[in-house]
Amino acid sequence: MPFLEAKYEKAAMLRSSRRPKQLAVINQGSCTGCMVCIDFCPVDCIEVVPGPDLDNPSLHKLVEVDLPRCIGCTLCAKYCPWETIEMLAFEDAYSIAPEWTLRGILEQVWEREPVQTEPEKRSRRRDRATA
Ligand code: SF4
Ligand code: SF4
């Protein structure tokens, strides 16, 4: 199944081998921000999202799963007291996460992932040689 947004395709491609069958996606519309799930995540991939009030971002915080780091262990979904975490098939998770994420900080992180290219390396060597 194709991914809906290009920015998620890149993160998914990085895990083309040994990818988990399912990933955790938080439906933030029902999340209370209790942060119980964070304590259960063995790979520490659930991040706190600042609240919407820029003057007081510590109010009404929610949480968000960093999908590229999730190993699909299901512990967060099992222990969320509000049953607001769904385990979704790998491709579905990347498609649905944007719909369920009201406040996100992780998309920007995925987009910033550095990509090293051969032409850059070559130009650096040339710079040293001509200096
Ligand atoms: S345990 Fe559930 S309700 Fe609590 S912060 Fe995590 S996802 Fe939200
Ligand atoms: S499924 Fe496991 S690894 Fe993924 S967010 Fe939940 S607790 Fe963390």
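Where a number appears in this text, it was derived from the coordinates with a stated rule and is not lab data. Since this is a predicted model, take the numbers as computed values, not measurements. Positions of Cβ are generated from backbone atoms using ideal geometry, with glycine treated the same way; all protein chains shown enter the neighbour counts.
Listed values for region 55-64 are Karplus-derived 3J(HN,Hα) couplings in whole Hz (6.51 cos²θ - 1.76 cosθ + 1.60, θ = phi - 60°), namely 7, 9, x, 7, 7, 6, 5, 10, 10, 9, and x replaces Gly and Pro.
Using the average count of surrounding beta-carbon atoms within 10 Å as a protection proxy, the listed peptides 55-62, 72-79 rank, highest first, as 72-79, 55-62.
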